[in-house]
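Presented below is the structure to which this report refers.
The values are calculated or read from the model by the stated rules, or taken from the named source; none is laboratory data. Since the structure is predicted, the reported quantities are computational estimates derived from the model, not experimental observations. Here the Cβ is made from the backbone with ideal geometry for all residues, glycine too, and neighbour counts use every protein chain on show.
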Amino acid sequence: MSAPFVPIRTERLVLRPYVESDLDALLAYYSRPEVARYLLSRPWTLESGRAVVAERMGGVGLDTPGRALTVVVEHEGQVIGDVGLWASDGTGTKGEIGWVFHPDVEGQGFANEAARAILEVGFGRYGMHRIVAQLDARNTASAALCERLGMHLEARHRQDWWSKGEWTDSLVYAALATDHPRDVGDAIVVSAVVLRDANGSVLTVRKRGTTSFMHPGGKPEAGEAPPQCALREVLEELGLTLEPQLLDLVGVYRTAAANEVGRPLIASVFSHPHLSARSRPDVVPAAEIEEVRWLDPTADLPDDAAPLLRLLVHDMSTGA
Ligand SMILES: CC(C)(COP(=O)(O)OP(=O)(O)OC[C@H]1O[C@@H](n2cnc3c(N)ncnc32)[C@H](O)[C@@H]1OP(=O)(O)O)[C@@H](O)C(=O)NCCC(=O)NCCS
């Protein structure tokens, strides 16, 4: 799990986690019928608003138990709206975004500025692959925002939501990470592969000139997608040819890099059953790999285990 989410600052806005005392500012717009018109929820009451705020206070990161990033948007110290990003699958690579702003601040590009920052976080910080927005087809303001964000209209579903006494059509807009190559800051982007033996031991490797043991894997070459990178790295580092169709996506993890101190790592982690038939089969290191070692994930981890390895073994043992 990465560090708790910290406020994001954009040119004019601060996006920060919810606190209980935001309730009044949120009620000021969520209680209005014209704001709730195209939302699935009814206008907030004090009671319903309190429950939603309590729930959204848990949305402090996609890699936390809440699996959501829900933030209020402040302009000059006032809460003017809110944006949320939720993981919509088990791997955390697909998500959904939503937004609501106070009518008094509409038409100034604030929703655009905040949503853009959250899309950046989804793709850049969490390495997400696809983010969708679903909206009532009559919500032209929201559809216009999706268009301004460069999202693509993918579907119009006919009468698929029951909303405030009627069946309503909905639109699905989507953005892919590859639509607009994003700056991932100083993060190192890699693919890694979990290879286990018949007893569940995990294959780890140490690169030449380094001290940490990690999953096999590495950085993508230009234009290479994460699965292709994973297959190539395992072939180069261990001489193993993995069948692409058996590669499973475990998830995208953000943690500290092992060999480049101080830099974050965004890793697409895959698993593959290639070595699962035998107990600790011999695997010969190649290319930049100096040493191969099997690790029993139920035992205490050695000090030289890389941060990503620690994180995954922890998740496995807690069933996260
Ligand atoms: C959907 C919603 C967030 C859109 O808000 P918005 O203010 O229209 O969206 P933006 O932030 O993109 O602002 C765009 C407008 O600001 C203008 N603008 C002014 N200054 C700008 C700036 N610096 N940058 C960008 N746009 C700017 C744009 O020209 C545009 O004006 P237009 O609508 O006249 O074309 C808002 O209508 C809302 O909260 N609705 C109620 C809740 C809801 O339905 N949520 C969505 C559920 S799916």
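State whether one or more residues within segment 300-319 are on the phi > 0 side of the Ramachandran plot, part of a loop (DSSP other than H, G, I, E, B) and in contact (Cβ under 8 Å) with a residue 60 or more places away in the chain. Scanning segment 300-319 turns up no residue that is on the phi > 0 side of the Ramachandran plot, part of a loop (DSSP other than H, G, I, E, B) and in contact (Cβ under 8 Å) with a residue 60 or more places away in the chain.
Considering segment 59-124, the qualifying strands (runs of 3 or more DSSP E), each wholly inside and each with 1 or more residues that are under 16 Å from Pro7 (Cβ atoms) and more than 20 Å from the chain's Cα centre (by Cα), run over 68-75, 78-87.
Considered as a group, the residues in segment 191-219 that are part of a loop (DSSP other than H, G, I, E, B) and touching a Pro at 6+ places or on another chain (Cβ under 7 Å) include one that is nearest to Asp303 (Cα to Cα), and that residue is Gly200.
Please determine whether any residue of segment 29-38 is in the same structural domain as Thr140 (by TED's automatic domain parsing) and more than 14 Å from the ligand (Cβ to nearest atom). Looking for residues that are in the same structural domain as Thr140 (by TED's automatic domain parsing) and more than 14 Å from the ligand (Cβ to nearest atom), one finds none in segment 29-38, hence no. Of all residues in segment 192-206, one or more are touching a residue at least 24 places away in the same chain (Cβ under 8 Å), among the basic types (Lys, Arg) and closer than 30 Å to Leu240 by Cα.
Restricting attention to segment 259-282, the residues that are aliphatic (A, V, I, L, M) and either closer than 20 Å to Gly209 by Cα or in contact with a Pro (Cβ under 8 Å, 6 or more places away or on another chain) (or both) total 3. How many residues are acidic (Asp, Glu) and within 22 Å of Ala187 (Cα to Cα) when one looks only at segment 227-260? Number satisfying all stated conditions: 2.
Within segment 264-279, one or more residues are under 19 Å from Ala198 (Cβ atoms), in a strand (DSSP E or B), touching a residue at least 60 places away in the same chain (Cβ under 8 Å) and not assigned by TED's automatic domain parsing to the domain that holds Asp63. Is there any pair linking a residue in segment 98-110 that is within 20 Å of Arg56 (Cβ to Cβ) and near the ligand (Cβ under 6 Å from one of its atoms) to one that is assigned to a helix (DSSP H, G or I) and of a type outside the set (D, E, K, R), with Cβ under 6 Å and at least six apart or on different chains, and which? Within 6 Å, the pairs are Trp99/Ala111; Trp99/Ala115; Phe101/Ala111.
In the condition set (1) within 17 Å of Ala117 (Cα to Cα); (2) surrounded by fewer than 19 Cβ atoms within 10 Å (Cβ to Cβ), Gly59 is compliant with all but (2).
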